[in-house]
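Visitor: The structure follows.
Please treat every number below as a calculation from the coordinates, not as lab data. Keep in mind that what you see is a predicted model, and the values were worked out from it rather than measured. Here the Cβ is made from the backbone with ideal geometry for all residues, glycine too, and neighbour counts use every protein chain on show.
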Amino acid sequence: MPIVAAVGPARPNRAPDVRTVQQLLNRAGGHQIRLKVDGLFGPRTAAAISRYQANVLRFRRPDGVVDPGGPTLRMLGRQPGGNTTRSRPIPRRTPAPPPRPSVSAPGTNPAAPPAAPTRTGGVAGPGGLTEETYIDMAARLDCEVAAIKAIVETEVAIRGPFDKQGRPTILFERHKFHRHTGGRYDRTHPDISNPNWGGYGKFSAQYEKLEQAMKLDHAAGLKSCSWGAFQILGENHVQAGHATVDSFVAAMRRGILPQAEAFVSFVLNDRRLLAALRQRNWATFARIYNGPAYKDNDYDGKMRANYQRFAQ
């Protein structure tokens, strides 16, 4: 299939899928709109899909959605040049193992352990990403390699993207679990459900907190953690290119390259974040990426310092 998930209003809009649809629409015509192939789903792409459905497919009520295997995609694939394959993803040399739907509980012996970070050749940079991968990401985001390195270095400088057991590094956010569960567990489990942020405890205790949270509410627990080299919150799984939080977590566990893919999708799907990254506006980037309390941990200052180091 040319795309993995649906493209359209309120759909996952994974950057590679949007880019594929934009390419197919430009080749097919029939909508009088020339699209920039940037992987961003916006009003122009939405209008082009709807016009194509009305003018070419003769839909009485165009919905502006391109579904994997749906009639719009099938027709686009039959247009001249419509046999285009998906745009080039972040390079990988080995196939990823099948997704795993949840985090294994402490003491269990899962059938297949999490994959170690995958490398694609060359000298590994921050987070275990190679220079080849950083260059590919920067090209897709139209930003500097040093800017992406600065973010990774800021997020996982101490812990790295994976722990000693090969699991993606996480940080459990108790205030997020409070929000996702409506505060139901504030009194009985104040260490994992609290309206106030903080109270993280030791890095080694994060998975134990997650497992406790998942026993109370599986999805809320996964959504309340930030994951991997880029520390993307599980609650942002759609923006990161995954229809479900379980799919997102499975990707985080597969290796460093799926984590990088999620970051690219996450940034491309937020124009403010993308502009801040390109302009190296670290205060704005940190406010959106790390939250309104970013100054408490000097996220912008650390990113700025790291960028200056990598840009030399």
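Visitor: Hey, could you grab the Kirkwood Rh for region 15-78? Inverse mean 1/r over distinct alpha carbon pairs, Å, one decimal. Display every interim value, and only then the final one.
Guide: On the way: mean 1/r = 0.0880 Å⁻¹.
Averaging 1/r across every pair of different Cα atoms and inverting gives 11.4 Å.
Visitor: Another question about this same structure. Place a point 7 Å from Cα of residue 243 in the direction of its Cβ. Which residues in region 56-80 have their backbone N less than 13 Å from it?
Guide: Within reach of a label on residue 243: 66-70.
Visitor: Give a residue-ordered list of calculated ³J(HN,Hα) values for region 301-309 (Karplus: 6.51 cos²θ - 1.76 cosθ + 1.60, θ = phi - 60°; whole Hz; x for Gly, Pro).
Guide: Result, rounded to whole Hz: x, 5, 4, 4, 5, 5, 4, 4, 5.
Visitor: Pull out the extension gain between residue 293 and residue 142, defined as 0.36 nm times the separation in residues minus the alpha carbon to alpha carbon distance; nm, one decimal. Let's see the in-between values first.
Guide: Numbers: separation 151, 0.36 × 151 = 54.36 nm, distance 2.77 nm.
Gain on extension, residue 293 to residue 142, equals 51.6 nm.
Visitor: How large is ³J(HN,Hα), in whole Hz, for each residue of region 33-44 in order, when computed from phi with the Karplus curve 6.51 cos²θ - 1.76 cosθ + 1.60 and θ = phi - 60°, using x for Gly and Pro?
Guide: So the J values, rounded to whole Hz, are 10, 8, 9, 7, 7, 10, x, 9, 8, x, x, 5.
Visitor: If you line up the Cα atoms of region 258-312 on their principal axes, what length do they span on each, largest first, in Å?
Guide: Ordered largest first, region 258-312 gives principal extents of 29, 25, 21 Å.
Visitor: Students often check this: by mean Cβ neighbours within 10 Å, which of 234-247, 45-58, 186-199 ranks highest, and how do the rest follow?
Guide: Top to bottom by mean Cβ count within 10 Å: 234-247, 45-58, 186-199.
Visitor: What list of ³J(HN,Hα) couplings, whole Hz, do you get for region 126-141 from phi and the Karplus terms 6.51, -1.76, 1.60, once you set θ to phi - 60° and write x for glycine and proline?
Guide: For region 126-141, the Karplus-derived couplings read x, x, x, 6, 7, 4, 4, 5, 4, 5, 4, 4, 5, 5, 6, 8 Hz, x marking Gly and Pro.
Visitor: If you scale each eigenvalue of the Cα gyration tensor by 5 and take the root, what three semi-axes come out for region 126-310, rounded to whole angstrom and sorted largest first? Show your work: numbers first, answer last.
Guide: Details: eigenvalues 147, 59, 47 Å².
They are 27, 17, 15 Å, listed from largest to smallest.
Visitor: Determine which lysines satisfy two conditions relative to residue 202: a Cα distance under 21 Å, and not lying fewer than 8 residues away in the same chain.
Guide: 164, 176, 215, 223
Visitor: Please list the non-local residues whose amide H lies under 5 Å from the amide H of residue 163, H modeled 1.01 Å from N, same-chain partners needing a gap of 5 or more.
Guide: Residues meeting the amide H criterion: 169.
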